[in-house]
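Here is the structure we will look at.
The values are calculated or read from the model by the stated rules, or taken from the named source; none is laboratory data. Everything quoted here is computed from the prediction, not taken from an experiment. Note: ideal-geometry Cβ built from the backbone for every residue, glycine included; neighbour counts use all protein chains shown. Heads up: the accessible areas ignore ligands, DNA and RNA and are worked out on the full protein's heavy atoms, side chains in. Shrake-Rupley method; radii C 1.70, N 1.55, O 1.52, S 1.80 Å.
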Amino acid sequence: ASSVPTLWGIPLKYLSLITLALQNSMLALIMHYSRVSTPPSRAYSAATAVLMNEILKGTISLVIAFSNIPAPADTAGQLLPSFVARAKRLAAELFSPDCWKLSIPAILYVIQNNLQFVAASNLAAVTFQVSSQMKILTTAAFSVILLRKKLISLQWTALLFLAIGVGVVQIQLGVRVVREGVPLEDIHTMNALKGFIAVATASLTSGLAGVYFEMVLKGSQTDLWVRNVQLSLFSLLPALAPVFYLYASDPQDGWLSALFRNFGGWAWGTVFVQVFGGLLTALVIKYADNILKGFATSLSIVISFLVSVALFDFQITFTFVLGSTIVLVATWLYNHQPKRSESFLWAFNWS
Ligand code: C5P
């Protein structure tokens, strides 16, 4: 076996998974807080956040992709010619004939990232987290359809329980963020049904986009970071569309101030955590696999839960505990595969 990449002595596989679990719960909490902590009239634009996410993620991926390209031997010691040669090679890789394939997951991820804001605005952070586990369901379905992966009956049973668990968690209606002395129209009211529809649709696009990205990634030798830049480039157009709409509907100020109205520290914080998550997702796909990714996100439910109880006076209801337990057990069951039959292991087990 090839040597396992490590950082500070810890295998990147585990490091990326633990970090993803922490990132997942942090995102649910910060995104939810950034939406509900201000009255609707002073909300920041989710479309701007999605656009910033793609620009930042694309730029970071571009720098990593560039640094992965070795300097040609004939330009050794010459700074500018070496830079130009590497840039040319990167450009050739970025605009390769198959780059258009990334347009499909790119559009899906933009839709998903916008819907996430709707979900986080209308559901408690933990409910949003638990409901997001529906991704496992959609990822499995698309893997079976598109990648012809085989699931054992234990996994199908686990998926059924997962769906039941998510359903049970939804049984807590009329959640409202109430603060003393705040006028009624300034109170952020959450619409559980709207939140649930958003999270269900986001899970659908997550599954399809993830599987499609996997197909493209495995179908060629192209560097992961090059693929990420291609993904961000194709995201720009669909991410810009709602931003143009935003400006057209309110053109009295300059476009920059329309874009960044109310875009404060919490909004930027949400964007940074999202960017970090996007890069981590790529690393997890490379160094771990989708099975372990499921584990990481279900672990994040527990983290979000504990933080929500401590920070947001989250009400622990019987249906919440029951539903979350079903989701966690189902996730564990789904990932609990007999040791010997390796054949059905998800194909992007890169280790
Ligand atoms: O929920 P899910 O795991 O599908 O979320 C993936 C997130 O990571 C999305 O927000 C997507 O924009 C991002 N992503 C990325 N680069 C990839 C794959 C996913 O930025 N290669």
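Brief remarks on what is shown
- In the range 197-232, residue farthest from the chain's Cα centre (by Cα) [restricted to those that are assigned to a helix (DSSP H, G or I) and away from the ligand (no atom under 12 Å from the Cβ)]: LYS218
- Conditions (1) under 30 Å from GLN221 (Cα atoms); (2) among the small types (Gly, Ala, Ser); (3) away from the ligand (no atom under 12 Å from the Cβ); number of the one not met by SER61: (3)
One line per residue, one yes/no per condition, for (1) touching a helix residue (DSSP H, G or I) at 6+ places or on another chain (Cβ under 7 Å); (2) of a type outside the set (Val, Ile, Thr); (3) modelled with pLDDT of 75 or more:
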| position | (1), (2), (3) |
| --- | --- |
| LEU280 | yes, yes, yes |
| LEU283 | yes, yes, yes |
| THR297 | yes, no, yes |
| LEU311 | no, yes, yes |
| THR317 | no, no, yes |
| TRP332 | no, yes, yes |
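- Any hit, the range 122-132, residues being open to solvent by less than 10 Å² (accessible area, probe 1.4 Å), among the aliphatic types (A, V, I, L, M), part of a helix (DSSP H, G or I) and within 10 Å of the ligand (Cβ to nearest atom): no
- In the range 9-44, the residues that are buried (at least 21 other Cβ atoms within 10 Å of the Cβ) and not in a helix (DSSP H, G or I): TYR44
- Flag if ALA76 is more than 26 Å from the chain's Cα centre (by Cα) and either open to solvent by less than 30 Å² (accessible area, probe 1.4 Å) or modelled with pLDDT under 95 (or both): yes
- Selection of the range 233-243 for residues being over 10 Å from CYS99 (Cβ atoms) and away from the ligand (no atom under 11 Å from the Cβ) yields LEU236, LEU237, PRO238, LEU240, ALA241, PRO242, VAL243.
- Matching residues, the range 5-36, being over 11 Å from ALA267 (Cα atoms), of a type in the set (Ser, Thr, Tyr) and more than 16 Å from the ligand (Cβ to nearest atom): THR6, TYR14
- The residues on offer are LYS135, LYS101, and the sole one that is surrounded by 18 or more Cβ atoms within 10 Å (Cβ to Cβ), assigned to a helix (DSSP H, G or I) and modelled with pLDDT of 90 or more is LYS101.
- Within the range 208-235, being surrounded by fewer than 23 Cβ atoms within 10 Å (Cβ to Cβ) and small (Gly, Ala, Ser) holds for GLY219, SER220.
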